[in-house]
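Beneath this line is the structure, given in structure tokens, with notes to follow.
Each reported figure results from applying straightforward, stated rules to the coordinates on display, with no laboratory input. Here the structure is a predicted model, which means the values were calculated and not measured. In this analysis, Cβ positions are derived from the backbone assuming ideal geometry, glycine residues included, and neighbour counts consider all displayed protein chains.
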Ligand code: ADA
């Protein structure tokens, strides 16, 4: 997988980036007409990774579309066909044979193919990005754009060896004061003969663990190891020390990076390596007018550089699992991330549907599996602004909290609430996250009064301000500060509230909504989203800074008392 470092030296990886044949299927005829083996000639070409909504003619298309490409196999025992993310349902065929399907738009999946012939193979993907109110996550009601496509890299791995590391999970923590690595691997024998070989783990080239394993023909086994690394430096935002771990099984290997650090909750505080965390963060959608969700790597890096130069140290990946390369960069830069699944703005009625609970739980599990090794992730968010003030919401939080705690006991969990004064689910999570748009949607209470009331409700639990902000249309300038939608008004609301939050000691921090303007649903939010954009960005969608950007930078970096 494209990461900021190489993830294997043992597998031949072919990236599927390039122009793929593409055709929409609004009437869902493709399966019946056999497009998986007989692709229609009337197709277009689109770039993968990408979303179709940035292509001329497909701006607002929501529904089914088909993609086709081909790749060459040189020589191997098996193939892993891998996708970084496809929104949202993908059915995949190889040479006309169905490999399988995957649901969940922001998470990776792969298929293992045995004994592939050494020749060119045809790969066809049917993508369905339909959103509805009864089964999809995200649902049809959302404040970001319903982009569709194969929008993160796809790649093929040739597995030429006897052994295969089917999965690897690493967690760097601190146990009884000692940096400790937890490892879990699934190891497969790809041959039809018994296989006896070593599984080893090395950290920065030094062997920490070696064991001899014997596998039956075509068998898969699971192994775990807990390894002390007493001389490891701890990871922190100030000193983001990373270590490279190489897992080897026979001649196969996988490489991952870890950082050792400990997160704990104590009274109103969240502690990182024993010190109180203070989060000054911002939200960022993976969005750009020319690229949609498929934001190119150099732009992601530049976004993070701007976040750093604003004096911020934290990011909430609103509202879906991030591109892994962004998380790699946050690991390297010491940016503290909350990651969440796209269960956003669901009503009690929707939350009561068993398909929603099942899908949400599966997504949460898959997100944690994928990202557990990232030291930058300090908490998991179970959902955003759903009706957690209802019994149905409580039941879903309870289920998701159990999934998260079972999959990763090392990190605190939360969810973002928009009705904090009536929420009934806070007792299920480790800290409380509240979203509040005082000065934009609500005017009946001041921020201090609001936070005092929440503090009285939640007692000693840590409190995070999950979202606050105001809209400012780039270029709309006014003499008076009090004219809504102007850059001046946005600057005033964001800076006044940031100043207040900086001084409030009983919160663990805040995440400003949001880094850059993001495309929204023009129909659903027709009145509140001029230009069909959520305009609460500190920058516009092309990353032109608004007045609030400079004022906030001055405030947070103490350049002068800017706001
Ligand atoms: C909510 C939601 C965000 C965004 C924001 C807004 O807090 O979580 O995604 O929609 O409101 O701008 O209204």
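Things to note:
- Degrees separating the helix 297-309 axis from the principal Cα axis of the chain, which is the longest one: 30
- Its relative contact order, with pairs defined as Cα atoms under 8 Å and 6+ residues apart, puts the chain at 12 percent.
- Distance between segment 376-412 and segment 177-225 - C-alpha centres, whole angstrom: 32
- Nearest-ten-degree value, helix 447-458 long axis tilted from longest Cα axis of the chain: 60
- Taken over segment 220-327, the convex hull of the Cα atoms encloses 194 Å³ per residue.
- Mean separation of Cα contacts under 8 Å, 6 or more apart, over the residue count of segment 163-250: relative contact order %: 34
- Helical contribution to [θ] at 222 nm, DSSP H n ≥ 4, -39,500 (n - 2.57), averaged over the chain, rounded to 500: -5500 deg cm²/dmol
- Three-way shape label, segment 277-561, alpha-carbon gyration tensor, a/c 1.5: rounded
- Report note on the peptides 83-89, 355-361: ranked by the mean count of other C-beta atoms within 10 Å, highest first, their order is 83-89, 355-361.
- Shape call, segment 407-563: gyration tensor on alpha carbons, a/c limit 1.5: prolate
- C-alpha long axis of helix 547-556 to longest principal axis of the chain, angle in °: 90
- Each peptide in 406-414, 146-154 was scored by the mean count of other Cβ atoms within 10 Å over its residues; highest first, the order is 146-154, 406-414.
- Nearest-0.05 FRET efficiency for residue 216 and residue 117, computed from C-beta distance (R0 35 Å): 0.85
- Descending semi-axes in whole angstrom, ellipsoid equivalent of the chain, from the Cα gyration tensor: 39, 30, 21
- Of all DSSP beta bridges in the chain, antiparallel share, percent nearest 5: 75
- Take the convex hull of the alpha carbons in segment 368-473; its mean projected area over all directions comes to 8.1 nm².
- Working from Cα pairs under 8 Å separated by at least six residues, relative contact order for segment 12-159 is 34 percent.
- Share antiparallel - DSSP beta bridges, segment 277-561, percent rounded to 5: 10
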